[in-house]
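Visitor: I'd like to ask you about the structure that follows.
Please treat every number below as a calculation from the coordinates, not as lab data. Quantities reported herein were computed from a predicted structural model and do not represent experimental measurements. Virtual Cβ from ideal backbone geometry, glycine too; neighbours counted across all protein chains shown.
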Amino acid sequence: MIDRRHIVPVAVALPVHNTFHYSVPAHLALQACPGKRVLVPFGKRKVTGYLVGPAGEPTAEMDSMEIKHILDVLDETPLFPETMIPFFEWIAAYYIHPLGLVIHTALPAGLNLTDIAVLSIGEAGLAASASSPLSPLEGSILSALAKRPSAIKHLQKEIGQPVSWGLIHLMRERGWIQVDRQIKGRQIGPKTVRWVTVKETAPTSHRLSAQRKIIRNALETEGDLTIPELKTRVPTAPALVRAMQKAGQVAVYEKAVYRDPFGDPIEPDIPPRLTAEQAEAVSATVPLLGQGFKTVLLAGVTGSGKTEVYLRLTRAALDKGLRVLVLVPEIALISQTERQFRARFGETVAVLHSSLSQGERYDQWLRIAQSDATIAIGARSCIFAPFGDVGLIIVDEEHDASYKQEGGLSYNARDLAVVRARHHNALAILGSATPSVQSWYNVSVGKYETASLKRRVNRQPLPAIQTVDLSQSRDDRGIRRYITAPLQQEIRKTLDDGNQALIFLNRRGFSAFPICGQCGQPIRCKNCDISLTLHKRVNAFRCHYCGFSKAAVSSCPSCGSDKIRLLGVGTEKIQEAMTQLFPDARVARMDRDTMTRKGSIVSLLKDLKHRRIDILVGTQMVAKGHDFPGITLVGVVCADLTLNFPDFRAGERTFQLLAQVAGRAGRGDQPGRVILQTYNPGHFSILAAKNQDFKAFFNQEIGFRKALGYPPFSRMIAVRISGKDPKQTAARASALGEKCRDLLTASGPYHPRVQVMGPIEAPLSRIANHHRWQILVKSPDTSMLHRFAHELIMDQRATPAGRQIKVSVDVDPIFLM
Ligand code: ADP
Ligand code: ZN
Ligand code: ZN
């Protein structure tokens, strides 16, 4: 008989849109609480699921259903708090994504693979195996563990039969065995330093040798010291400390040290005096803490000290006993912001980002889940940090596109920050020098409040931006076509003054448009509908979408000619040009090609910081957040690259990128200068970037969005169809298009509030041999849009034979290519 009093809801980690109910067998009843993983039978399989609610009575309708048992509870402690479940449910509904997969995405990667429980025998277990009556299975478990601690998998092999977690938990409760979690493949633990402390009960010092006395006295007068510090006084300190430890004279403990991106230890900082503007922003926002849900957009020009405002708000939140979540854009290393939080708040900060190893991530995750940390800081996935309650959520550089996850659960962490704040009745702070159109629109309609910082902390004016019309140099030859005379002169001057220059071009490689000089055909990727890029250092043509590579010596695939003309400059060519033009300068490059090795960014930034680099050439990697006082000149080689993308946000992205990269100049004592080369000097995105005036940009852009009914005046959902077979893919796309038209009939509920564009072939119509189509659905009515998309997607799930063709939904899409 199944005990039906314990029915629990389980979301399985599979692409199914329902939760399922299971019963909990008595021996697992204590373990089965929300937030843990369970093993459940599902069809013919056993799958992992998540407990998404407390146990309850079965409902009447369950009476007629067959309810299966949970097979096992997989976690010792919950991986996420029960209070997060409504947040996960909201995400599942909004992004039209199965709840189990939402939770799977939220949890630290590799959890299932890397976290293993190691069992060992306890005192009571040793006693029990000698005296108590044991079942044969218990007997063999104990005798196996008496030989050596073991993971459950190995234990099962050794005793030749399955062992359930239920039994393990029972035996553990009796004190017979211990369960310790171990992470497989943990290589880089937190860096620790060994500290030495005097033991109170230590024998008096007259019995000590002279050298031991020195150590002892140092510890007594100066407090605890590290072994390296002791070594500076007594060279043999490491060995002596070991001996003194044995003799009970001193104790040694380990303490984590935190390091900044440059490998230097992070010292606790002293809060600076706020500027008048900062003080105003702080006193306007602090009183909002603990007063219910609210969103404030902090608009502060580059270098205005937004981080210090975040730090003060965080301090105030902690003082009120609130927990704090801080999101920073994904950059390839720990950001400035993160470093500053560490310096101010030390041990209570947990970090979650992609450069942590899986083991480290898991540790940080548990520290948050178990409330050892009160601040969690990290890139987009940090929005899922398992705090039971949050009082303040900060999103730094809220306009940054890296908050959008592409593929799988396509969420936007910036948007989820506001949603999560609402769920927790918390304060959300979105900060940027170049706020997104969406967020500033929310300010303009009164949904968000705003605070602003209009001046730089160093009182320097914003860098002066001079535009140079590239069409004037169209007929110049060689390097001078794209490094114009004004840019060249400014670089020269910067170098002569002993300052540093940043040269920005948002395109990698040597030539992005190699074309045949004979027949005029571009050299294309064989897997994608896109030009290959020449990379000179490795002497190969490469595809930036699928990674395809072929030797650069090849001839034209169309006509066989070997006269390949190299159009479309990339960072590699600019670097070469800089070396030629300024042979005395030390030139370095920062883009995805040069920054592949772990640690290469760190050493490059270190060189930049210590002025071992005079000119840094780079892609948007250099535009983000860096604070280098030596940079007085920023050169933008071609401002138009992002402007011509077939995407309604092209102007917004161009404006943000240019204003941000310009903001890298003049952050020290000397004013900055920017030379901005462009073919469109009159374009409003470029004019607004020139004045770092996001309101001017917004006022122009919003009219255009309104006229065309684009976000923020509507919401969009992109339905993407991709497959290897061009005919099948096109057929599926057109079938979905038909379905859209059916739903849109004049008599139906969606007409005329929902609009469908497509199906069309995506602008990048083929990537990695997959043909791509898309349908854009938009509506000013969010809930109607969602109902429409739901109907469309649920319907296509019922379509058989769709395995080869992938249909995915992207709610609030950003990447429309
Ligand atoms: P933003 O993020 O607005 O571009 P930052 O937060 O990076 O600006 O601040 C710019 C610089 O000013 C940093 O080096 C920071 O340490 C410094 N800073 C911020 N606030 C103050 C202050 N009140 N007094 C002195 N220096 C400050
Ligand atoms: Zn040709
Ligand atoms: Zn390709």
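Visitor: Any idea how far apart Phe713 and Thr745 come out in nm if each label point goes 7 Å out from Cα toward Cβ?
Guide: 3.1
Visitor: Which whole number in µm²/s is D for the chain by Stokes-Einstein, with the Kirkwood Rh taken over Cα pairs at 25 °C and 0.890 mPa s?
Guide: 80
Visitor: Let me ask another. Let me spell out the model: positive unit charges on the Cβ of Lys and Arg, negative unit charges on the Cβ of Asp and Glu, origin at the Cα centre of region 685-817. What dipole size does that give, in debye rounded to 20?
Guide: Roughly 240 debye, rounded to the nearest 20.
Visitor: How would region 446-530 be classified by its alpha-carbon gyration tensor: rounded, prolate or oblate, with rounded meaning a/c under 1.5 and the a/b versus b/c comparison settling the rest?
Guide: Here region 446-530 falls in the oblate category.
Visitor: Also, I was wondering about something else. Given Cβ point charges of +1 (Lys, Arg) and -1 (Asp, Glu) and nothing else, what value in debye, to the nearest 20, does the dipole of region 353-445 about its Cα centre take?
Guide: The calculation lands at about 200 debye.
Visitor: Which peptide among 309-318, 450-459 comes first, and what is the full order, when sorted by highest mean count of other Cβ atoms within 10 Å?
Guide: Result, highest mean first: 309-318, 450-459.
Visitor: Run the paramagnetic zone check for Val553: 7 angstrom along Cα to Cβ, then residues of region 510-537 with backbone nitrogen under 19 Å.
Guide: Once the point is set 7 Å along Cα→Cβ of Val553, 534-537 turn out to lie under 19 Å by backbone N, inside region 510-537.
Visitor: Something else: Compute the relative contact order of the chain as a whole-number percentage, counting only Cα pairs closer than 8 Å that sit 6 or more residues apart in sequence.
Guide: Over the chain, the number comes to 9 percent.
Visitor: Leaving out same-chain residues fewer than 8 places away, which lysines sit with a Cα under 21 Å from that of Lys606?
Guide: In chain and number order, the partners are Lys191, Lys598, Lys624.
Visitor: Could you state the orientation-averaged shadow area of the convex hull built on the Cα atoms of region 335-492, in nm² to one decimal?
Guide: Convex hull of Cα atoms, orientation-averaged projection: 14.8 nm².
Visitor: Follow-up question, since we're still on this one. What dipole magnitude, in Debye to the nearest 20, does the chain give about its Cα centre under +1 on Lys/Arg Cβ and -1 on Asp/Glu Cβ?
Guide: So the dipole magnitude of the chain works out to roughly 1880 debye.
Visitor: Could you order peptides 578-585, 29-36 by the average number of other Cβ atoms within 10 Å of their residues, highest first?
Guide: 29-36, 578-585
Visitor: Based on the inverse mean of 1/r over its pairs of different Cα atoms, what is the Kirkwood hydrodynamic radius of region 576-708, in Å?
Guide: One over the average 1/r among Cα pairs gives 16.2 Å for region 576-708.
Visitor: Taking Cα centroids, how far is region 611-687 from region 358-423 in Å?
Guide: Value for the Cα centre distance between the two parts: 29 Å.
Visitor: Setting aside same-chain residues fewer than 8 positions from Lys727, which aspartates and glutamates have a Cα under 17 Å from its Cα?
Guide: Correct list for Lys727: Asp529, Glu738, Glu761.
Visitor: Let me ask you something else. Taking the Cα centre of the chain as the origin and placing charges on Cβ (Lys, Arg +1; Asp, Glu -1), which of Gly125, Phe384, Ala662 is farthest toward the positive end of the dipole?
Guide: Result: Ala662.
Visitor: Cα-Cα over 24 Å: which of Lys306/Lys447; Lys68/Lys157; Lys447/Lys778; Lys447/Lys695; Lys44/Lys724?
Guide: Among Lys306/Lys447; Lys68/Lys157; Lys447/Lys778; Lys447/Lys695; Lys44/Lys724, the Cα-Cα distance tops 24 Å for Lys68/Lys157; Lys44/Lys724.
Visitor: Positive end of the dipole of the chain, charges at C-beta (+1 Lys, Arg; -1 Asp, Glu), about the Cα centre: which of Thr314, Trp165, Gln500 has its Cα farthest in that direction?
Guide: The residue sitting most towards the positive pole is Gln500.
Visitor: Also: With the cut-off at 1.5 for a/c, could you classify region 514-642 from its C-alpha gyration tensor as rounded, prolate or oblate?
Guide: In terms of gyration-tensor shape, prolate.
Visitor: Further question on the same structure: Assign one of three labels to region 22-62, namely rounded, prolate or oblate, based on the Cα gyration tensor with a ≥ b ≥ c the square roots of its eigenvalues; rounded applies when a/c is under 1.5, prolate when it is not and a/b is larger than b/c, and oblate otherwise.
Guide: oblate
Visitor: Report the one residue of Ala762, Ser747, His69 whose Cα lies farthest in the direction of the positive end of the charge dipole of the chain (charges on C-beta: Lys and Arg +1, Asp and Glu -1; origin at the Cα centre).
Guide: Of the listed residues, the answer is Ala762.
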